[in-house]
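The block underneath contains the structure these notes are about, expressed in structure tokens.
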Amino acid sequence: MQKKTTLALLVIAILIFAYIVIFEIKDLPKNDLKVSRLVIEKLEPNQARAVQIVLTNSLIIRAEKISDKWMLTSPIRYKADETKILALISALSNLKIHSRITPADLPQSTNKLDDFGLTRPWAIVSVETPTQQFNISLGAKTLTGDLGYFQVAGQADLIVADCSVFSLVPIQADDWRNNQMVDLAPDAFNKIEFIAPSPLGFSIEKDEITKSWQLTKPTPARADNEKIQVLINVLRTWKIAGFVSYKPSENLEMFGLSKPQYELVFLDKTNQLAKIQIGLSPSNNATLVYARLSESSNIVLAYKDVLEKLLLPPIELRDRHLVSAPVRFADTIEIRFLTNTFSIERQNSNVWFINLPQKQNAYPAEPRLVNSFLEFLEKMEFVGFGKDVVTDFSSYDLDPPIAQYTLKQQVTTQTGTATNIIIASIQLGKNEDDKVVVRRDNENSVNYVRLQDCKKLPSSPIQLRNLSVWNFDTNDIVRITVQLQNQIINISRSGSKWFLGTNALPVSDIIAAELDELLYRFSSLKAESWVDLGDAVLQSYGFNEANHRIAISLSNSAGSAPKDLVLIFGKFSPSLNPYACITIENVPWVFEFPKQLFSLYLDLLNKLSSNHAQ
């Protein structure tokens, strides 16, 4: 019995192998044939104007390109998924012949095409161009499963080719329906309205000039463009989870759409482009909601998580940034803090100068500090929103403001004239519980920023001054005089040698090397920060002329008297840097001296003092 079964299985295997050899391998293209020959010649996907699928169940699915948009026209009229349509056309245009079966190769049966699934093909695909129509029938798969049988209209031969194209053919109209809830280009609309029960719901509109979004309802305010853009991206990728009905006469009440709780409207000015009405969730799936697309009156199922992103208080869409413009591109910064008034101007890409009203000559600003100020300004945010409409700003100490920052950018007009435009204006008022009232760009509203943030903004020109204290060539040093309380240390140089005191005692080579290194660092001294200026402030920083000072005398190439650079030290700052003072244009300037350099200086001073005492 087992031998008969084995024999029968062997016979079946031989017959299957013979079938494959005769019909699927016999006519494999040889190397001398054109293996790249296409199943459908001269089909250009970009020329296609219509595609029609006729299925065995007599369903006809047809899509047409109307005004450069693909539309389903049968069995329903609806926006089509262009990507899927073009994928099928492209696959057919690139479909290559694996092998051919001529009429002579067909089995001698009543209906020769039955074995290949082509007597009643499961799908007939027609692609229409302005000048031609291409028809191809799709039959069964081969026994290997990776190939299929095709027949091009008007040709007697059957074609064996890659059957992966089968998966691109729709078997129901929904397969080719556009599944986007919002099928609009990003620049097609400039207004969005979300209608919802109070306190939800909002309306936003894009400014035609600045291209920034504004909140127009419930309260006009500047919108957070980053948040709005994220929300728009989410809406534009909102997918339809399923198609429920395309009949306008459908009973809307059962879907919660007779009086929809929510409506989402997209407009171009006053022209409505799309409206989505949102109703109830299906009883068996709370993650979905019924929605009606007004453009086609279709009822669909949509994912509820996107709707939930719209259900936020409108205040969450307001712009919390103190400035919305990229102020790092400012060319002029005007600052007024109490009685201090000054401006900072950009000379080129990263060179800034500080201008004081009473001074004719500008002095350089520290680029790093100016750039840090601008970057910090861009990051500052409100910690709270105040009154939206204010008629009396004096009650907030904003008329006049305690501090004001105006940033301008130089632009060139159409006539070629350079002019400055205000890109940001900030006014700071009184402090309320460590929150400072702020008004921006002359808006009618007031908001609040952190007091600690305001303290980081420059209030005096010295805070932005270039940190370079001086620069000189160490070869020009003639003499150094240090006065430490009642002690005076004189150091002079002759050639490359250093001498100490009035008796000109030679300084040892080891100490001389340390002195050269210290003076090299002194020659390009940079302040940790500028602190204050003026005679009136000196006492508060611990300065006393007879306390601690150093004078560096430099030779004058013109042969006149040496030039003295005088540095006076005071008490220590909270950051443990000693305060130091120099005089610039007859005005004393106070700064924080680098503590590490000061430590090296004191160490060397002790060594010199010991030698001096000896």
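The values are calculated or read from the model by the stated rules, or taken from the named source; none is laboratory data. These numbers come from a predicted model, not from an experiment. Counting neighbours? That spans all protein chains shown, and the Cβs are built from the backbone with ideal geometry, glycine included.
Only one residue in Leu301, Leu377, Leu267, Leu273 is surrounded by 15 or more Cβ atoms within 10 Å (Cβ to Cβ) and assigned to a helix (DSSP H, G or I). Which one?
Selected residue: Leu377, the only one of Leu301, Leu377, Leu267, Leu273 that is surrounded by 15 or more Cβ atoms within 10 Å (Cβ to Cβ) and assigned to a helix (DSSP H, G or I).
Considering each of Asp183, Asp162, Asp157, Asp105 in turn, give the residue that is closer than 30 Å to Ile228 by Cα and in contact with a helix residue (DSSP H, G or I) (Cβ under 9 Å, 6 or more places away or on another chain).
Asp183
Taking the options Glu316, Glu334, name whichever one is touching a residue at least 12 places away in the same chain (Cβ under 8 Å), assigned to a strand (DSSP E or B) and under 28 Å from Lys387 (Cα atoms).
Glu334
Would you confirm whether or not segment 485-494 contains a residue that is of a type in the set (S, T, N, Q) and closer than 30 Å to Val351 by Cβ?
No, every residue in segment 485-494 fails to be of a type in the set (S, T, N, Q) and closer than 30 Å to Val351 by Cβ.
Looking for whichever is modelled with pLDDT under 95, crowded, with 18+ Cβ neighbours inside 10 Å, among the β-branched types (Val, Ile, Thr) and closer than 17 Å to Ser445 by Cα here; the options are Val323, Val327. Which one fits?
Val323
Among Asn442, Asn471, which is the only one that is loosely packed, with under 13 Cβ neighbours inside 10 Å and touching a helix residue (DSSP H, G or I) at 6+ places or on another chain (Cβ under 8 Å)?
Asn471
Of all residues in segment 250-264, how many are assigned to a strand (DSSP E or B) and either within 29 Å of the chain's Cα centre (by Cα) or more than 17 Å from Leu310 (Cα to Cα) (or both)?
Total satisfying the criteria: 1.
Being surrounded by 15 or more Cβ atoms within 10 Å (Cβ to Cβ) and not β-branched (Val, Ile, Thr) is the filter here, so list the residues in segment 421-439 that pass it.
Answer for segment 421-439, where residues must be surrounded by 15 or more Cβ atoms within 10 Å (Cβ to Cβ) and not β-branched (Val, Ile, Thr): Ala424, Ser425, Gln427, Leu428, Gly429, Lys435, Arg439.
At least 2 residues that are farther than 22 Å from Ala330 by Cα in each: list the strands (runs of 3 or more DSSP E) lying fully within segment 384-453 that qualify.
Here the list reads 418-432, 435-440, 447-450.
Please work out which residue is surrounded by the fewest Cβ atoms within 10 Å (Cβ to Cβ), limiting yourself to segment 84-119 and to residues that are closer than 15 Å to Gly148 by Cβ and at pLDDT below 90.
Asp115
Could you tell me whether segment 537-551 includes any residue that is small (Gly, Ala, Ser), over 30 Å from Lys497 (Cα atoms), under 48 Å from the mean Cα position of the chain (by Cα) and outside any helix (DSSP H, G or I)?
Checked segment 537-551: no residue is small (Gly, Ala, Ser), over 30 Å from Lys497 (Cα atoms), under 48 Å from the mean Cα position of the chain (by Cα) and outside any helix (DSSP H, G or I).
Please count how many residues of segment 445-461 are more than 17 Å from Glu375 (Cβ to Cβ), in contact (Cβ under 8 Å) with a residue 24 or more places away in the chain and surrounded by fewer than 21 Cβ atoms within 10 Å (Cβ to Cβ).
Residues meeting the conditions: 4.
For segment 590-599, which residues satisfy the criterion of being touching a helix residue (DSSP H, G or I) at 6+ places or on another chain (Cβ under 7 Å) and either at pLDDT below 95 or assigned to a strand (DSSP E or B) (or both)?
Val590
Name the residues in segment 221-240 that are without any contact (Cβ under 8 Å) to a residue 60 or more places away in the chain and either surrounded by 14 or more Cβ atoms within 10 Å (Cβ to Cβ) or under 14 Å from the mean Cα position of the chain (by Cα) (or both), would you?
Glu226, Gln229, Val230, Ile232, Asn233, Arg236
Kindly indicate whether Gln47 is surrounded by fewer than 17 Cβ atoms within 10 Å (Cβ to Cβ), modelled with pLDDT of 55 or more and either more than 13 Å from Glu128 (Cα to Cα) or assigned by TED's automatic domain parsing to the domain that holds Gly154 (or both).
So Gln47 passes the test.
Which pairs have Cβ atoms under 7 Å, sit 6 or more apart or on different chains, and link a residue in segment 586-599 that is farther than 17 Å from Pro574 by Cα and in the same structural domain as Ala527 (by TED's automatic domain parsing) to one that is in a strand (DSSP E or B) and β-branched (Val, Ile, Thr)?
Trp589/Ile582
Can you tell me which residue is modelled with the highest pLDDT among those in segment 500-509 that are touching a strand residue (DSSP E or B) at 6+ places or on another chain (Cβ under 8 Å) and more than 15 Å from Lys607 (Cβ to Cβ)?
Going through the qualifying residues, I end up with Ala504.
May I ask you to say which residue of Ala536, Ala527 is crowded, with 18+ Cβ neighbours inside 10 Å and in the same structural domain as Phe572 (by TED's automatic domain parsing)?
After ruling out the rest, the residue left standing is Ala527.
Residues of segment 182-228 being among the aliphatic types (A, V, I, L, M) and farther than 22 Å from Pro326 by Cα, which ones?
Once the filter is applied, which keeps residues that are among the aliphatic types (A, V, I, L, M) and farther than 22 Å from Pro326 by Cα, segment 182-228 yields Val182, Leu184, Ala185, Ala188, Ile192, Ile195, Ala196, Leu200.
So which residues in segment 181-195 are crowded, with 17+ Cβ neighbours inside 10 Å and aliphatic (A, V, I, L, M)?
Scanning segment 181-195 gives Met181, Val182, Ile192, Ile195.
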